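Just below is one structure, and these are the notes that go with it.
The values are calculated or read from the model by the stated rules, or taken from the named source; none is laboratory data. Bear in mind the structure is a predicted one, so any value in this text is a computation, not a measurement. Note that we place each Cβ from the backbone using ideal geometry, even for glycine, and neighbour counts take in every protein chain shown.
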Amino acid sequence: MKLRPPRSAKHFHRGLSLIELMVSLVIGLVLMIAVVSAYVGSAGATRMVEAQGRMNEDAQAALTILAQQLRMAGNNPKQPNYTSASPRNPVYDATTFIVRGCDGRFSNITTAALIQDLTCTGGAAADSIAVSYEADAYNTIATGAGGSATDCLGQALPVLNATPNIWNGAASVPTAVTFTVADNRFYVGTTATIVAPSLYCKGNGGPNPQPLVENIEDLQFVYGTAPATATPTTVAVAGYLTATEIQTNAGLAALPSDAARWAQAMTVRICVVVRSERPVVSDAGSAEYIKCDGTLNTSPPDLRLRRAYSTTVVLRNRVPS
């Protein structure tokens with residue numbers, strides 16, 4: 001039988017034509033573009049979710065700190081066996097404040113010795129607020145071997161002295177007692193080392209303020225006030241006023257002093273604007289946000305994400321039990 005010679009290799013290995021090669025390259029390029037687009041979109045979505053999560057945490061931290069402090073404003077509990085008409089440590093009188101606000105930054109927020117010494121010059125800055133209450137080892141984070149009460153920064157507070165009349169079982173005897181008062185002042189600020197706007201606190205346990213929460217860009221307060229004719233025995237909020245309006249409102253003008261006008265504040269509505277740590281949105285339109293006053297900011301300064309968060313706090317120690 002006659003065998004046929006084997007076919008040459010050219011019958012089995014034919015190369016791609018130029019058209020086939022170009023089609024393959026186009027298909028590969030399309031697939032690569034699809035993969036890269038999917039990755040970029042997924043990465044952008046991840047950055048957005050991370051930014052929103054961080055902003056929510058920062059807002060919750062800031063509002064929690066402020067709300068906790070405001071709920072303690074005016075704390076001055078009745079003391080056992082005190083026999084005076086007002087059986088409390090002499091923390092407050094007609095000239096002192098349990099809360100005092102400013103539309104803008106207090107000009108002497110770090111130097112004023114007492115809340116009543118604070119000076120509000122207004123301006124376009126974020127609002128500031130000062131809160132006062134009798135502090136102890138239970139409503140603050142106690143520090144040191146003796147469990148000293150602390151301010152908003154965990155600094156031990158100075159000890160005050162008083163001599164109230166205390167019933168010893170047989171007679172009313174003047175007795176020396178000690179107590180502490182927290183005077184915490186909150187505002188938005190920056191420093192040379194911490195350039196991100198942050199919620200700061202200046203406590204009366206030390207000379208220097210410290211940041212508490214970063215990326216807090218704005219801080220706004222409005223105050224639910226009772227009518228000037230009402231005594232603070234019930235929480236009867238007639239309306240909400242800014243700090244400036246409390247000073248100038250015609251309904252409160254008849255009251256004899258700033259302390260008396262601020263004594264009509266029954267609730268505080270807090271709003272903070274939090275920004276993302278870095279730019280995450282794609283264009284200026286996506287960076288627009290609703291401010292604390294309900295208006296739309298159509299010209300944000302950068303491509304960071306921003307959002308306003310708010311809560312309302314009752315000054316529960318304003319109303320006698």
When segment 169-184 is examined, which residues are found to be in a strand (DSSP E or B), hydrophobic (A, V, I, L, M, F, W, C) and within 23 Å of N75 (Cα to Cα)?
V177, F179, V181, A182
Would it be correct to say that M48 is part of a helix (DSSP H, G or I), within 23 Å of the chain's Cα centre (by Cα), at pLDDT below 90 and not charged (D, E, K, R)?
yes
Quick one: in segment 104-151, of everything that is among the acidic types (D, E) and touching an Asp or Glu at 6+ places or on another chain (Cβ under 8 Å), which residue is nearest to S198 (Cα to Cα)?
D127
So which of A142, A126, A171 ends up being under 24 Å from the mean Cα position of the chain (by Cα), surrounded by fewer than 21 Cβ atoms within 10 Å (Cβ to Cβ) and hydrophobic (A, V, I, L, M, F, W, C)?
A142
Scanning segment 70-111 residue by residue, those of a type in the set (D, E) and surrounded by 15 or more Cβ atoms within 10 Å (Cβ to Cβ) turn out to be D103
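Residues checked against (1) touching a residue at least 60 places away in the same chain (Cβ under 8 Å); (2) more than 22 Å from C102 (Cα to Cα):
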{"position": "S257", "(1), (2)": "yes, no"}
{"position": "Q264", "(1), (2)": "no, no"}
{"position": "I270", "(1), (2)": "yes, no"}
{"position": "V273", "(1), (2)": "no, no"}
{"position": "E277", "(1), (2)": "yes, yes"}
{"position": "A284", "(1), (2)": "no, yes"}
{"position": "T312", "(1), (2)": "yes, no"}
{"position": "R318", "(1), (2)": "yes, no"}
Filter the strands (runs of 3 or more DSSP E) completely within segment 199-264 down to those with at least 3 residues that are in contact with a strand residue (DSSP E or B) (Cβ under 8 Å, 6 or more places away or on another chain) and under 20 Å from R316 (Cα atoms).
216-225, 239-241
Can you report the number of residues in segment 253-267 which are crowded, with 20+ Cβ neighbours inside 10 Å and out of contact with any Phe, Trp or Tyr (no Cβ under 6 Å at 6 or more places or on another chain)?
4
Pairs under 8 Å by beta carbon, first residue among the aromatic types (F, W, Y) in segment 209-225, partner crowded, with 19+ Cβ neighbours inside 10 Å and not in a strand (DSSP E or B), six or more apart or different chains?
F221/D127; F221/A243; Y223/A243; Y223/I246
Consider V213 carefully, then state whether it is within 14 Å of I109 (Cβ to Cβ), buried (at least 19 other Cβ atoms within 10 Å of the Cβ), under 13 Å from the mean Cα position of the chain (by Cα) and modelled with pLDDT of 95 or more.
no
Residue hits (segment 83-131; in contact (Cβ under 8 Å) with a residue 60 or more places away in the chain and part of a helix (DSSP H, G or I)) are I115, Q116
Considering only residues of segment 145-168 that are β-branched (V, I, T) and in a strand (DSSP E or B), which is surrounded by the most Cβ atoms within 10 Å (Cβ to Cβ)?
T150
